[in-house]
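The values are calculated or read from the model by the stated rules, or taken from the named source; none is laboratory data. Source: prediction; values computed, not measured. Every residue, glycine as well, gets a Cβ built from its backbone with ideal geometry; the counts of neighbours run over all protein chains shown.
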Amino acid sequence: MKKTDYIAKKIATAIAIDGNIEKEVWRQANWSKRFVDMVSGDVGMYNTQCAILWNDTYLYIAFRAEEPFVSATLTERDSIIFLENDLELFIEGKDCYYELEVNAANTLYEVFFIWKDAYIKNGRFDIPLFDVHQHQTYTFGGDYDRIGASFWKGTHPRGIRWAFTNFDMPGLQTAVQVQGTLNDNSDVDQGWSLELAIPWNSLKIIDEARAVPPVSGDAWTMFLGRFQKFMPGGVEIVPHPAMALNCHGVYDTHLTEKWSNIVFED
């Protein structure tokens, strides 16, 4: 049996999404341990923690991110947010998964991935929403360096995915608060916080057979992480240091088998 990485508590109330994670409701949550370096498992460079709550209508997630110089320059929706500092959520479904990235300006990047071997004619993904002929649809092999034999398919044994970059999760709510001043390095900031809510009804697309909202004891697989642009001496470190709830061993956020096991409790 897969170990439990986090227990999400059920609440009876709704949460107003405003980015404030100091609200009383978040004090009821189990705040995670400090995120670790995604490759080494060592303590992350800056403190990052998450918390998950849920009710019969929404999945709620909060992040706390320490950062002395909070910055975010990408403001166009679906910009490649991981090119600068961000917080990330991935949710695995049956033969698919959802990705959300948010920066400190509350700019969103969303993608819905479907494994190519599961996309079959007249199958459950063969619908107008997931038309592979849309100009914002791409094939994707993974975000780790690919050379030689793995160039086309990446390093995952399942191969490539269809990536639908025009996907927007219905009813998604996000909000950010900065504990300091955004894009002003004349002072030292405490960091920033992210609060989000996803309607359970919108998550039915992830897995038609999965109970939504979940039943107490159900487990979902998620990635909760952070990328941090780091430029010591003015030289950008690439890939950007990544921190996550659990160690992956490589800088590849798309290895679903490495993600965290989130258990929902009533």
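If you check every pair at least six apart or on different chains, which have Cβ atoms under 6 Å apart with a residue in region 249-264 that is under 23 Å from SER216 (Cα atoms) first and a residue that is part of a loop (DSSP other than H, G, I, E, B) and of a type in the set (Lys, Arg) second?
ASN261/LYS2
Is it the case that region 195-213 has a residue that's exposed (fewer than 13 other Cβ atoms within 10 Å of the Cβ), over 16 Å from the mean Cα position of the chain (by Cα) and within 19 Å of THR75 (Cβ to Cβ)?
no
Which of the residues belonging to region 167-219 are among the hydroxyl-bearing types (Ser, Thr, Tyr) and at positive phi? Don't jump to the end; show me each part of the working.
Kept after step one, since they are among the hydroxyl-bearing types (Ser, Thr, Tyr), are these residues of region 167-219: 174, 181, 186, 193, 202, 216.
Listed by number, the list is empty, since nothing qualifies.
Restricting the search to region 143-190, which residues are more than 28 Å from ALA104 (Cβ to Cβ), among the aromatic types (Phe, Trp, Tyr) and not in a loop (DSSP other than H, G, I, E, B)?
The one that is more than 28 Å from ALA104 (Cβ to Cβ), among the aromatic types (Phe, Trp, Tyr) and not in a loop (DSSP other than H, G, I, E, B): TRP162.
Take PHE230 and tell me if it is in contact (Cβ under 8 Å) with a residue 40 or more places away in the chain, surrounded by fewer than 18 Cβ atoms within 10 Å (Cβ to Cβ) and more than 26 Å from ALA16 (Cβ to Cβ). Lay out the reasoning, then the answer.
Working: in contact (Cβ under 8 Å) with a residue 40 or more places away in the chain: yes; surrounded by fewer than 18 Cβ atoms within 10 Å (Cβ to Cβ): yes; more than 26 Å from ALA16 (Cβ to Cβ): yes.
For PHE230, the condition - in contact (Cβ under 8 Å) with a residue 40 or more places away in the chain, surrounded by fewer than 18 Cβ atoms within 10 Å (Cβ to Cβ) and more than 26 Å from ALA16 (Cβ to Cβ) - is met.
Could you please give the count of residues in region 112-132 that are surrounded by fewer than 21 Cβ atoms within 10 Å (Cβ to Cβ), touching a residue at least 12 places away in the same chain (Cβ under 8 Å) and closer than 16 Å to ILE205 by Cα? Spell out how you get there, then give the answer.
Looking only at region 112-132, we keep the residues that are surrounded by fewer than 21 Cβ atoms within 10 Å (Cβ to Cβ), and these are 115-132.
Going one step further and asking which of them are touching a residue at least 12 places away in the same chain (Cβ under 8 Å), we end up with 115-119, 124-125, 129-130, 132.
Restricting the remaining residues to those that are closer than 16 Å to ILE205 by Cα gives 115, 118-119, 124-125, 129-130.
Of the residues in region 112-132, 7 are surrounded by fewer than 21 Cβ atoms within 10 Å (Cβ to Cβ), touching a residue at least 12 places away in the same chain (Cβ under 8 Å) and closer than 16 Å to ILE205 by Cα.
Among THR155, THR107, which is of a type in the set (Ser, Thr, Tyr) and either in contact with a His (Cβ under 6 Å, 6 or more places away or on another chain) or surrounded by fewer than 21 Cβ atoms within 10 Å (Cβ to Cβ) (or both)? Please lay out each step first, then the result.
Details: THR107 fails: either in contact with a His (Cβ under 6 Å, 6 or more places away or on another chain) or surrounded by fewer than 21 Cβ atoms within 10 Å (Cβ to Cβ) (or both).
Of THR155, THR107, the one residue that is of a type in the set (Ser, Thr, Tyr) and either in contact with a His (Cβ under 6 Å, 6 or more places away or on another chain) or surrounded by fewer than 21 Cβ atoms within 10 Å (Cβ to Cβ) (or both) is THR155.
Going by the conditions given, is ALA209 at pLDDT below 95 and more than 23 Å from ILE80 (Cβ to Cβ)? Explain how you work it out, then say what you get.
On the way: at pLDDT below 95: yes; more than 23 Å from ILE80 (Cβ to Cβ): yes.
The answer is yes for ALA209.
Starting from residues that are more than 24 Å from the chain's Cα centre (by Cα) and not aliphatic (A, V, I, L, M), keep the ones in region 136-150 and report whichever is farthest from GLU99 (Cα to Cα). Steps first, answer last, please.
The first filter runs over region 136-150 and keeps only residues more than 24 Å from the chain's Cα centre (by Cα), leaving 147-150.
Subset that is not aliphatic (A, V, I, L, M): 148, 150.
Details: GLY148: 27, SER150: 23 Å.
Ranking the qualifying residues of region 136-150, first place goes to GLY148.
Could you list, in sequence order, the residues of region 1-18 that are under 18 Å from VAL215 (Cα atoms), touching a helix residue (DSSP H, G or I) at 6+ places or on another chain (Cβ under 7 Å) and of a type in the set (A, V, I, L, M)?
ILE11
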